Amino acid sequence: MKMKTLRSLCAILPLVMMVAQSPAAEAADKIKVLGVTGGHGFEKEPFFKMFSDNPEIAFTAAAHESKTNATVFERDDLLSYGVVVLYDMPKEITEAQKAKFMALFEKGIGLVVLHHALVSYQHWPEYEQIIGGRYPEDDGKSGVATADVGYQHDVEIPVTIVSTNQAVTWGLKDFTIHDEIYWGYRVGKDVTPLISTTHPKSGRPLGWLRNEGRSRVVYLQLGHGREAFENENYRKLLTQSIRYAANRAGMPPKDDAVMISVTPHLSGRMIPEDFSGFSFEVAQLLPDANGVHYFRADNQSLINLFHQFGIRSLRIGGNTSDRDAKKLPSEADLDSLFGFAKSAGVKVIYCLRLRNGDPNDAAKTVKYIMDRYAPQMECFSIGQEPSAYPVEKVDTRPNSERMGASAEKFSYADYRKAWKQFADTIIAAVPGVKFCGPAVHNNADWARRFIADFGRSNNVTMCVMHLYAGGAGNKVPTPEIGRARMLSNDFVRVYQRLHDGFVPMALTNGLSYRLEEVNNYFNGGATNVSDTFASALWGLDFMHWWAAHDAAGLNFHGGDKVAAGSSLQPSKYTAYHSTTNGYRIRPLGYAIKAFDLGGRGWIVPIQSLTSSGENLSSYGVLADDKNLFVTLINKEHGAGARGATVLLTGLENYANGQVMLLAATDGDVAAKSGITLGGAEIKNDASWNGEWSAGQVVNEQGVLAVKVPAATAAIVKLKRK
């Protein structure tokens, strides 16, 4: 009976397979691809033949209606495709077209970018972030080649496979192609290189991948003409890029892991000891109803908390220091502050009132502090977010809508004049004073102007800025959206844009820079977002990102109450808040402690050699004792979130590794409790008993495997042989 049944199954199996592979089923299973052209000439017949010859796809060609506009993105069916292939080069894109284009990444539609599409949208910075690079062109000089930036046709290009076990390059070996080279193009720091070249004039790499939102993005620099379109290796690259972008790629054998190369022998800049800091409202310096100061030399619970978190910088400012000041600290209040600062071992950044302030009063304050507490002072800023000052005598803006480009109308010229008057008066009274500025929120233009005007004069020693990457907390549509944004590349693009806008100029002028007031969303944070475990994963990534981008430090704004417009409101984003028996640690506090464990030393280059689409960040730091720390942050969360097995390579000089996890119960990014670091909570008295895992041996090839569950961060400590 069993044999008869088996023979019957064998007989009908081919029929089942025929039905499964019917034309209708095959068509439904094909990857729906939209090929976008326009803005640059190309050889149409051999180009389109690459797609018509691909049996895995259903291809639609679409061209922009003009060379200067991205009209294809206005299509009603744009979001019905599995992959969009860009072989276009328009100059401009409207805001509506941008919104349609960005919707691709919300839905998880793949993007494959080819050749000259690297040149598109020169005036849209986000496009460079999305595709991972830019071929820069000056206005009016399209097609002009120089020694710095250019191109050359008809070149025999030796192509090397950088990531041999990546889905896009699987099965390929080094090859030569007759094609066009570019040089002088920019490549983002978060890309995974796929292919490169040894050609002396060519830029490199020649191809890469990255993630954008829920989508996979691949860029291939090759692909100018018929010789490339008919090259079997190029065709395979394109086919596998489409397959990968559509999330149809079968990964190579045993490639369920993310491979990360660590190069401790190339360690670079040292992270400053005072990198980690807190920021508070000036109102926090005033005594409470019982006459007791928050910052005082005998507040041992708070001193212990600062020490546990590795806090070495204390910034005093906020709206209550300047435009919304109701009462400024007395000399007794300042004495109490600096008594605390000495006991806690922190240096102070202090904001002076500029709006409706008096330069002589400011000079008296500075002189009082410098005569008594100069060793505890870092610098003085003049004015709190002056770009957001009101331009009318009576501020008619809604209380919670006084920040952001649309609300900030105060002129830099007026600020510059007032700042110079204050600075001159103070310097006359205290010649050795140190200033920092301009202390504006996410405004690189003001930072550049301030550096140009005062970066080499007026006792300015540091450029300080503010950043709340998510914008207004009260404008977040839902907690789920707020948390997802915080853990996405949306936030990273904000960091990068601000960095690129002023940091190179600051460093060129010999100025360090610090983000002296930061958090995730302003106006006190976002409800059920800023106070959740998502903020811990965000905060740890945020700290390492800026440390890797030359920041002197960060000061997380907090306190039991913070200014939201002109009023003080309970803080949702604070790293801790007061209780009757100490301080209850919020999720962000765990991020700061995790950075203290893995962020002390020299920056070590880290490069991802593979990518299977995980929302994973990685950072390396070499400590004074030569032990190596690698921080891995898996920001995958929610339904379908994936854990990652990370293979750390380049560890031949290390014997074993220990791991400590930053985690929430069930990987819930909405959690407000049940958060642990090294398996332990941080207690109200700031005590913590987290433990490293038992040592894992680095194998003979210098590889260590680390499992990082979804919505979890892992700090790996590697002991040198």
*What about residue 689, is it more than 18 Å from residue 192 (Cβ to Cβ) and either crowded, with 17+ Cβ neighbours inside 10 Å or not β-branched (Val, Ile, Thr) (or both)?*
yes
*asked:* Anything in segment 666-705 that is of a type in the set (S, T, N, Q) and at pLDDT below 95? List them, or say none.
replied: 693, 696, 699, 701
_With the structure loaded, tell me whether residue 432 is within 26 Å of the chain's Cα centre (by Cα) and either in contact (Cβ under 8 Å) with a residue 40 or more places away in the chain or not assigned by TED's automatic domain parsing to the domain that holds residue 515 (or both) or whether it fails that test._
no
*Boolean, residue 647 is hydrophobic (A, V, I, L, M, F, W, C), more than 23 Å from residue 689 (Cβ to Cβ) and in contact with a Pro (Cβ under 7 Å, 6 or more places away or on another chain)*: no
*asked:* Which count do you get for residues in segment 78-101 that are more than 19 Å from residue 44 (Cβ to Cβ) and either without any contact (Cβ under 8 Å) to a residue 24 or more places away in the chain or part of a strand (DSSP E or B) (or both)?
replied: 4
_Please go through segment 520-535 and give me each residue that is within 27 Å of residue 621 (Cα to Cα) and in contact with a strand residue (DSSP E or B) (Cβ under 6 Å, 6 or more places away or on another chain), ordered by number._
533
*Test for residue 461: is it outside any helix (DSSP H, G or I) and over 25 Å from residue 561 (Cα atoms)*: yes
*asked:* Would you confirm, using the coordinates I've provided, whether residue 693 is closer than 18 Å to residue 575 by Cα and in a loop (DSSP other than H, G, I, E, B)?
replied: no
*Tell me, which residue of segment 102-156 that is over 18 Å from residue 68 (Cα atoms), without any contact (Cβ under 8 Å) to a residue 40 or more places away in the chain and not aliphatic (A, V, I, L, M) is surrounded by the most Cβ atoms within 10 Å (Cβ to Cβ)?*
151
*Counting just the residues of segment 547-571 that are touching a helix residue (DSSP H, G or I) at 6+ places or on another chain (Cβ under 7 Å) and crowded, with 21+ Cβ neighbours inside 10 Å, which one comes out modelled with the lowest pLDDT?*
563
*Right, residue 382: more than 29 Å from the chain's Cα centre (by Cα) and not small (Gly, Ala, Ser) or not?*
no
*Filter segment 643-677 for residues that are of a type in the set (D, E, K, R) and either on the phi > 0 side of the Ramachandran plot or surrounded by 15 or more Cβ atoms within 10 Å (Cβ to Cβ) (or both) and give the result.*
666, 668
*Pick out the one residue from 290, 319, 304, 231 that is touching a residue at least 40 places away in the same chain (Cβ under 8 Å), closer than 30 Å to residue 364 by Cβ and among the polar types (S, T, N, Q).*
319
*Which one of 336, 321 is under 36 Å from the mean Cα position of the chain (by Cα) and hydroxyl-bearing (Ser, Thr, Tyr)?*
321
*Scan segment 411-430 for residues that are part of a loop (DSSP other than H, G, I, E, B) and buried (at least 18 other Cβ atoms within 10 Å of the Cβ) and jot them down.*
430
*asked:* Cβ-Cβ under 6 Å, sequence separation 6+ or interchain: first residue in segment 435-463 and assigned by TED's automatic domain parsing to the domain that holds residue 516 and in contact (Cβ under 8 Å) with a residue 40 or more places away in the chain, partner surrounded by fewer than 21 Cβ atoms within 10 Å (Cβ to Cβ) and among the polar types (S, T, N, Q). Which pairs?
replied: 435/459; 451/509; 455/509; 462/512
*Which one is modelled with the highest pLDDT among residues in segment 464-490 that are assigned to a loop (DSSP other than H, G, I, E, B) and within 11 Å of the chain's Cα centre (by Cα)?*
469
_I'd like the full set of residues that are on the phi > 0 side of the Ramachandran plot and outside any loop (DSSP other than H, G, I, E, B), limited to segment 332-378._
none
*asked:* It is to be established whether one or more residues within segment 373-383 are closer than 21 Å to residue 328 by Cα, β-branched (Val, Ile, Thr) and in the same structural domain as residue 538 (by TED's automatic domain parsing).
replied: yes
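The values are calculated or read from the model by the stated rules, or taken from the named source; none is laboratory data. What you are looking at is a predicted structure, and each value in this text was computed from that prediction instead of being measured. As a convention, Cβ positions derive from the backbone with ideal geometry for all residues, glycine included, and neighbour counts pool all protein chains shown.
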